[in-house]
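A.B. asks: Here's a structure for you.
Every read-out reported here was derived from the displayed coordinates using simple, explicitly stated rules and does not represent laboratory data. Just so it is clear, the structure is predicted and the values come from calculations on it, not from any experiment. Don't worry about glycine lacking a Cβ; one is built from the backbone with ideal geometry, like all the others, and counts go over all protein chains shown.
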Amino acid sequence: MYEKSKALFERAQKSIPGGVNSPVRAFKSVGGTPLFIQKAKGAYLYDADGNQYIDYIASWGPMILGHAYEPVIKAIQEKALLSTSYGAPTELEIEMAELIRSMAPNIDMVRMVSSGTEACMSALRLARGYTGKNKFIKFEGCYHGHADAFLVKAGSGMATFNIQTVPGVTGGVSNDTLTCAYNDLDAVERLVAENKNEIAAIIIEPVVGNMGCILPKAGFLEALRKICDRESIVFIFDEVMTGFRLAPGGAQERLSINADLVTFGKVIGGGMPVGAFGGKKEIMENIAPLGNVYQAGTLSGNPIAMIAGLTMLTELKSNPNIYAELEQKTIYLKEGLDKVLKASGTPYVINQLGSMISLHFSDHAVTDFDTAASANNDLFKKYFHAMLKRGIYLPPSAFESWFLNNALSYEDIDKTILATEESLKEIL
Ligand code: HOZ
């Protein structure tokens, strides 16, 4: 069934570390052979062996309208004929910046980059440059890309592979990274008191996608907002996953909270490598060439990436019903899974908001990294493979959110629920 993927994986491992260009893809924590993908259309992926899968990864978030979405593909094809990069400004970049400002709240100015990692790394540097302070708070299990300062108690791949400290990240860098549990307000207050006037920023995934999907407790983000105002700390929302996914204005809009700086990735690029960070004018004006906080990129604002993102965001802005449709589908999935999981008798927790959802095999609420990590992740591995065998492509780790795309039909979701019912019978 996976013969060609197996052969490709063997070959890949000879020239690519671990055979993959991003660790979670290697299936190392769930075991087995990663699927080598040949093509995708709508809600379906096709691997090298010609197997078809219903896709709940959506390229880890970007493909919110499904794969090979025609308006995006057409726009890329047309633009590519005019050259793929100029290294000089284009009108497209202005249109993109204006569109982002019109959709996301609190964005006076925005700078385009090429990935979510770059966006978060640059936003942190900017917060430090703006405040003149060095330390920052991040939450255990949140993942903000792989810049050195963030690789402390990080979620996603670091949690999946249980990497505690990263060789190559110096103490000098990580000593300024303060961490505490997600949803633990008292711990934040303690860190702030212990590091009075030294904290430049609090960075957070307003809805977490990197330890599975985890929701902020009522009042938690509001309280952080107040602390940031009181202590002159820059409040950074990492909306790489939630941006343009939870609402046209992302988590800021969905949860009615204002951030000072916001980072974007994934959906903003329509499947091309794009990230962005933006926020208040007073802060953003410190970036070079206006200020001395240096940040640059040969492919930043790349025309192909811009036209893909612009087309994707325009579709989302012009049809905001998409968000209600996506949420209805996700709730339908949640209710279906609920039914079959309850009947199976195994303890489980499903967290969901908008089109983000995840399943932990746990007998306690999953609200932070410790509760996510103490779930039965061995059972998740078995569930993952049982589902894959039935043509359902889930993230190969319990520490990742599932992302629904709007090409999914109710029939696809029914198949997913049925596959779960059968899988549970097989593995329990
Ligand atoms: N860090 C990404 C998920 N949180 C994984 C990206 C990938 O492996 O493609």
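A.B. asks: First measure r as the distance between the Cβ atoms of Asn321 and Asn175, then evaluate 1/(1 + (r/R0)^6) with R0 = 41 Å and state the FRET efficiency to the nearest 0.05.
C.D. replies: Details: r = 48 Å, r/R0 = 1.17.
Efficiency, rounded to the nearest 0.05: 0.30.
A.B. asks: Would you grab the residues whose amide H sits under 5 Å from the one on Gly141? Only those 5+ places off in sequence or on another chain, please, with H modelled 1.01 Å from N.
C.D. replies: It is Ala154, Gly155, by chain and number.
A.B. asks: Mind listing which trypsin sites (Lys or Arg not before Pro) in the stretch 162-240 are in a DSSP loop and have 12 or fewer other Cβ atoms within 10 Å?
C.D. replies: Lys196
A.B. asks: As an exercise, identify the chymotrypsin sites (Phe, Trp or Tyr not before Pro) in the stretch 251-319 lying in DSSP coil whose Cβ has no more than 16 other Cβ atoms within 10 Å. Present the calculation step by step, with values, prior to reporting the outcome.
C.D. replies: Values: sites: Phe264, Phe277, Tyr294; in loops: Tyr294.
Answer in residue order: Tyr294.
A.B. asks: For the ranges 163-169, 307-313, what's the packing order if you count other beta-carbon atoms within 10 Å of each residue, average per peptide, and put the highest first?
C.D. replies: Values: 163-169: 10.7, 307-313: 24.9.
Highest-to-lowest ranking by the protection proxy: 307-313, 163-169.
A.B. asks: Find how much the distance from Gln38 to Asp229 grows on full extension, using 0.36 nm per residue of separation minus their present alpha carbon separation; answer in nm with one decimal.
C.D. replies: 63.8 nm
A.B. asks: Please identify the helices of the chain, taking whole runs of DSSP H, that span at least 27 Å along their own axis as judged from the Cα atoms and have a mean Kyte-Doolittle score of 0.0 or higher.
C.D. replies: None pass (Cα extent of 27 Å or more, hydropathy at least 0.0).
A.B. asks: Give the order of His360, His146 when sorted by the count of other beta carbons within 10 angstrom, beginning with the fewest.
C.D. replies: Working: His360 28, His146 20.
Least to most surrounded, the residues fall as His146, His360.
A.B. asks: Using the beta-carbon distance between Ala288 and Thr346 and R0 = 51 Å, what value does 1/(1 + (r/R0)^6) give for FRET efficiency, to the nearest 0.05?
C.D. replies: 0.40
A.B. asks: Moving on. What ranking do His67, His385, His144 get, fewest neighbouring Cβ atoms within 10 angstrom at the top? Write down the numbers at each step before the final one.
C.D. replies: Numbers: His67 23, His385 19, His144 28.
If I rank by nearby Cβ atoms, fewest first, I get His385, His67, His144.
A.B. asks: Another question, if that's okay. Compute the Kirkwood hydrodynamic radius of the stretch 193-294, taking the inverse of the mean of 1/r over all pairs of distinct Cα atoms, and give it in Å to one decimal.
C.D. replies: Taking every pair of different Cα atoms in the stretch 193-294, averaging 1/r and inverting gives 14.6 Å.
A.B. asks: For every helix of n ≥ 4 consecutive DSSP H residues, a contribution of -39,500 (n - 2.57) applies; sum these over the chain, divide by its total residues, and give [θ] at 222 nm rounded to the nearest 500 deg cm²/dmol.
C.D. replies: Rounded to the nearest 500, the figure is -12000 deg cm²/dmol.
A.B. asks: Still on this structure: What does the extension gain come out to for Gln77 and Leu299, with contour length at 0.36 nm per residue minus their alpha carbon separation?
C.D. replies: Working: separation 222, 0.36 × 222 = 79.92 nm, distance 1.81 nm.
Between Gln77 and Leu299, full extension yields an extra 78.1 nm.
A.B. asks: Also, I was wondering about something else. Using a/c under 1.5 as the rounded threshold, could you call the stretch 367-428 rounded, prolate or oblate? The axes a ≥ b ≥ c are square roots of the C-alpha gyration tensor eigenvalues, and prolate needs a/b larger than b/c, oblate otherwise.
C.D. replies: oblate
A.B. asks: Compute the Cα gyration tensor for the stretch 290-331, then decide on rounded, prolate or oblate, letting a ≥ b ≥ c be the square roots of its eigenvalues: rounded whenever a/c is under 1.5, prolate when a/b is larger than b/c in the other cases, and oblate in all that remain.
C.D. replies: Verdict is prolate for the stretch 290-331.
A.B. asks: What are the chymotrypsin sites (Phe, Trp or Tyr not before Pro) within the stretch 135-233 that DSSP puts in a loop, where the Cβ has at most 16 other Cβ atoms within 10 Å?
C.D. replies: Details: sites: Phe136, Phe139, Tyr143, Phe150, Phe161, Tyr182, Phe220; in loops: Tyr143, Phe161, Tyr182.
Qualifying residues, ordered by number: Phe161.
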